[in-house]
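Structure record follows, encoded as structure tokens.
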Amino acid sequence: MALAPTLKTWLLVLPAVAVLGVAGYRASGHVGSVSSPVAASGLPTAQVAGNEDGTTMPVMPEALARRLAAFERGGALPSGLPLDIRADIEGATDLFAYAQRLRAQADGGNHEARWMLSRVYDYCAQYAVDPGGYRLDNNVLAGLGLSAAPAMVDARERVAQRCGGFVPGDKLGAALVLAERRKAAAQGNLAAEAALFAEGEPLHDSADYRRGLVERVRLSRDPEAFMALAPGMGVRAAGDSALDGLVAGEQLSEMAWRLAACELGLPCGADSVLVNSFCANGGICSQDETQDFRDFVYDAAVSRQGAGKMNEWIKRLIGRGSRP
């Protein structure tokens, strides 16, 4: 039945009621002279918003969710200002606030801000679709007793903490990410254009365009563009004659572009968004929490014989090799 909630939803009903009650009680202590109404059970009821005529209306669920998310993140350090368009995706503790600042600049015509906004949406989408279910899944993962589970749970908890301001009504997902990237690419953002190509949605579909785009990315030495292009340069590129002679078409050629992005300055440390995303969203986690992306690739994905080939590919891309 369309109106019947899933099992996951039913399991969340009672815990959600309890959390809302406790959070409402704790939050009420921060509301100056406004007294919180108390129900017969002794638990405070939800605050209500007032209309101009003095009547009241219930707080909308998503507005309440944002308030609770902000309260939950109260112990986190605030994101710094002024906005550092690229760096803040790594350092910001509140990606919802960061996205709001990016949105303001993107709406003013800043295509770099729009590209980074698409990255935030991509990073937070799995959480935002169903925050309660996301946390429930974490509990299930933690209870499985698998050796790889703790690392993935930790990575997912970090995503939940940083993305806590988003709610399902924000409609984060592939459609929104693609829409923002199309806008950024149309405004001239190379990383967004590369991402569209990698996702099978290129601005143009001619052989000359595909080869020209790859060459433009390589010559740009922009680490964001390198990383965005990478997924389209692996096995997806196999058989594309437009890319003959380029670093493309093999499983490890994608990793060569990714490692080249790291060499060009993209944050690839153990606590980077890149490593966190691979683990939280893809389940690809290092058992060594101090291992950066480059070491993880050479340790887990590249054979001893393949390391030499990888280094040669990276030299072709950026003029110098990567440390094996």
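The values are calculated or read from the model by the stated rules, or taken from the named source; none is laboratory data. No experiment lies behind these values; they were computed from the predicted model shown. Here the Cβ is made from the backbone with ideal geometry for all residues, glycine too, and neighbour counts use every protein chain on show.
Observations on the structure shown:
- Exactly one residue out of ALA195, ALA225 is in the same structural domain as LEU246 (by TED's automatic domain parsing) and either touching a residue at least 60 places away in the same chain (Cβ under 8 Å) or hydroxyl-bearing (Ser, Thr, Tyr) (or both): that is ALA195.
- When residues in the stretch 279-298 are screened for being under 17 Å from ALA195 (Cβ atoms) and either surrounded by 18 or more Cβ atoms within 10 Å (Cβ to Cβ) or among the polar types (S, T, N, Q) (or both), 1 of them pass.
- Applying the criterion of at least 2 residues that are touching a residue at least 40 places away in the same chain (Cβ under 8 Å) and charged (D, E, K, R) to the helices (runs of 4 or more DSSP H) found wholly in the stretch 259-324 leaves 304-318.
- Any chance VAL247 is assigned by TED's automatic domain parsing to the domain that holds LEU219, crowded, with 17+ Cβ neighbours inside 10 Å and in contact with an Asp or Glu (Cβ under 9 Å, 6 or more places away or on another chain): no
- Scanning the stretch 194-238 for residues that are of a type in the set (Gly, Ala, Ser) and exposed (fewer than 15 other Cβ atoms within 10 Å of the Cβ) yields GLY200, SER206, ALA207, GLY212, ALA238.
- Residue-level analysis places ALA160 among those that are aliphatic (A, V, I, L, M) and surrounded by fewer than 23 Cβ atoms within 10 Å (Cβ to Cβ).
- Taking first residues from the stretch 95-106 that are more than 16 Å from TYR123 (Cα to Cα) and partners that are outside any helix (DSSP H, G or I), the Cβ contacts under 6 Å between residues at least 6 apart in sequence or on separate chains come to ARG101/LEU83.
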